[in-house]
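Please read the structure below before turning to the comments.
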Amino acid sequence: MKFEKRAVFGWGPSGATPATPRKGIAVHYDGSDQSLAKHKHAACRTYWRNTRKFHMGPSRGWADIGYSFAVCPHGIVLEGRGLNKVQAAQPGGNTTWYSVTFMSGPSEKPTDAQIKAFRELRSWLRGKGVAAALRPHSGFVSTSCCGNILRMMISNGTLTGGTPSSSKHPGSGTNAPPFPGRLITQPPVMRGDDVLTWQRQMRKRGSSITADGAYGPSSEAACRKLQAERNLDVDGVVGPKTWAATWA
Ligand SMILES: [Zn+2]
Ligand SMILES: [Zn+2]
């Protein structure tokens, strides 16, 4: 994950109240198109600084920028409040959900790099005990945020591991079957043909797990072992990278 800390923007530690959001991630966007994909990343940093100024200014008066993180069209995660702070962006979920905003507006389709950065951020947060759930800002209050494009990407699984429509499957160029489009995880035990396909390949690699199509603790342990061997994030979740690594 490409990550820019607060210090990159010239900010000290966040003065926001501590909290432990664990329920999942609330997804946000910008209410107007920003065209940041057409500019160098420096424009994203300027945008992020301006967002904080606006949030701390007279119209909002918040203690800090409203979000914990942002993902930009260049595939970089920008730190806002960061870990373990109360959010300001989603009343109703400010102490219990993280907030991540896409640096794009209503008619801008997030770039593949941006979607990848979001998935990486989500996987990192899950490793810190944050639940898998994603919820649009509009799931808390009546708002247009996070727009129809992102709401669709939440409901069709694009943000959780489905392959962005315009990109190739991870592992293409190898004989890996296409990533199934959902993260394989437990508990609860997840079942399906995708689990079975993955388990069979793991057995070909020498794992002694049972190929029964049910992703339980022993499958997860085998997954973690593979991830450690391949220098992937060791989170026990079969996402696109782990899937590709299983056939690589
Ligand atoms: Zn929002
Ligand atoms: Zn950028």
**Study point:** Value of [θ]222 nm, deg cm²/dmol, for the chain, DSSP H segments ≥ 4, -39500 (n - 2.57) each, nearest 500
**Key:** -9000 deg cm²/dmol
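State the extension gain, in nm to one decimal, for the chain segment bounded by A214 and R60, taking 0.36 nm per residue of separation less the distance between their alpha-carbons.
Working: separation 154, 0.36 × 154 = 55.44 nm, distance 4.84 nm.
So the extension gain works out to 50.6 nm.
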Point to revise | For segment 236-248, 3J(HN,Hα) per residue [Karplus equation, 6.51 cos²θ - 1.76 cosθ + 1.60, θ = phi - 60°, Hz, x = Gly/Pro] | key: x, 10, 7, x, x, 5, 5, 4, 4, 5, 5, 9, 7
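Counting other beta carbons within 10 Å of each Cβ, put I115, I154 in order, fewest first.
Working: I115 23, I154 18.
With the fewest neighbours first, I115, I154 line up as I154, I115.
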Practice item. Could you go through segment 92-100 in sequence order and give the Karplus-derived ³J(HN,Hα) for each residue, using 6.51 cos²θ - 1.76 cosθ + 1.60 with θ = phi - 60°, rounded to whole Hz, and x for Gly and Pro? Key: x, x, 6, 9, 10, 10, 6, 10, 10
Practice item. Provide Rg and Dmax in Å for segment 25-67, with only Cα atoms included in the calculation. Key: 11.5, 31
Review point. When the Cα centres of segment 33-49 and segment 170-231 are compared, how far apart do they sit, in Å?
Key: 38 Å
Point to revise | Too-long pairs where the Cα-Cα distance tops 32 Å, listed order kept, from K5/K38; K38/K128; K5/K241; K53/K116 | key: K38/K128
**Study point:** Other-chain or far-sequence residues with amide H under 5 Å of W62's (modelled H)
**Key:** M56, G57
**Study point:** Rounded to whole Hz, the Karplus (6.51, -1.76, 1.60) HN-Hα couplings of segment 112-128, x for glycine and proline
**Key:** 4, 5, 5, 5, 4, 4, 4, 4, 5, 4, 4, 5, 5, 5, 4, x, 9
Check your understanding: Taking K and R as +1 and D and E as -1, what net charge do the other residues with C-beta under 13 Å from the C-beta of M202 add up to?
Key -> +3
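Which FRET efficiency value, to the nearest 0.05, is calculated for N50 and N148 with the Förster distance at 30 angstrom and r the Cβ-Cβ distance?
Details: r = 25 Å, r/R0 = 0.83.
Approximately 0.75, to the nearest 0.05.
Give me the mean projected area, in nm² to one decimal, of the convex hull enclosing the Cα positions of the chain.
Orientation-averaged projected area of the Cα hull: 13.4 nm².
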Study note, to complete from the structure: Of 124-131, 198-205, ordering from highest average Cβ density within 10 Å down gives 198-205, 124-131
Check your understanding: Net charge near G82, counting Lys/Arg +1 and Asp/Glu -1 over other residues with Cβ under 15 Å of its Cβ?
Key -> +3
Point to revise | Amide proton proximity set for K85, modelled H, under 5 Å, gap of 5+ | key: A19
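Just so you know, all these numbers are worked out from the coordinates, no wet-lab data involved. Here the structure is a predicted model, which means the values were calculated and not measured. Glycine also receives a Cβ, built like all others from the backbone with ideal geometry; neighbour counts cover every protein chain displayed.
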